[in-house]
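S.K.: This is the structure, below, for whatever I ask next.
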Amino acid sequence: MDDLGLGVPAWDLARPAAWYACGLLPPDDWTRFLTAYQEANGPAVPATGDPWPALDVPARALTVQTAALAITKALAADRPLDEIEQAVVDACARMPAG
């Protein structure tokens with residue numbers, strides 16, 4: 001539901017925020033996307049300032065979910081993680097505990 005714009009607004013940006021945090025979305029693309037969103041008065045983040053207080057939890061949660069799914073699929077297919085899957089798993093390893 002969140003991808004349809006019916007849930008908490010920060011979850012609408014969780015996927016691109018997670019991709020950026022994992023290094024899968026180039027910084028220039030993320031900045032252009034986020035700037036356009038803020039200029040359009042998108043409700044998920046403040047119009048100015050740091051967006052991460054609003055995006056941190058949703059982006060981390062989606063990253064963990066994506067990593068778990070990637071590992072499960074790779075194990076089921078008896079194959080190693082591909083480059084993108086590994087980037088997501090590596091991002092989870094960089095997350096501080098607590």
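The values are calculated or read from the model by the stated rules, or taken from the named source; none is laboratory data. None of these values were measured; they are calculated from a predicted model. Heads up, the Cβs are rebuilt from the backbone with ideal geometry, glycines too, and the neighbour counts pull from every protein chain shown.
S.K.: Looking only at helices (runs of 4 or more DSSP H) that lie completely in the chain, which have at least 3 residues being at pLDDT 95 or above?
M.R.: 14-21, 27-39, 52-76, 83-94
S.K.: Within the range 69-81, can you find the residues that are closer than 20 Å to L25 by Cα and free of Cβ contacts under 8 Å to residues at least 12 places away in the same chain?
M.R.: L69, L81
S.K.: Kindly provide the set of residues from the range 13-24 that are crowded, with 20+ Cβ neighbours inside 10 Å and either closer than 14 Å to I84 by Cα or acidic (D, E) (or both), ordered by number. Can you show your working first?
M.R.: Start the filter on the range 13-24 by keeping residues that are crowded, with 20+ Cβ neighbours inside 10 Å, which leaves 13-14, 17-22.
If the condition is that a residue be crowded, with 20+ Cβ neighbours inside 10 Å and either closer than 14 Å to I84 by Cα or acidic (D, E) (or both), then A18, W19, Y20, A21, C22 are the ones that fit.
S.K.: Please determine, by comparing only the residues of the range 25-56 that are exposed (fewer than 13 other Cβ atoms within 10 Å of the Cβ) and of a type in the set (V, I, T), which one is nearest to I84 (Cα to Cα).
M.R.: Of everything passing the filter in the range 25-56, T31 is nearest to I84 (Cα to Cα).
S.K.: Let me ask something else about it. Take the range 57-72 and flag every residue that is among the small types (G, A, S) and under 18 Å from E83 (Cα atoms).
M.R.: Of the range 57-72, the ones among the small types (G, A, S) are 59, 61, 67-68, 70.
Of everything in the range 57-72, those that are among the small types (G, A, S) and under 18 Å from E83 (Cα atoms) turn out to be A67, A68, A70.
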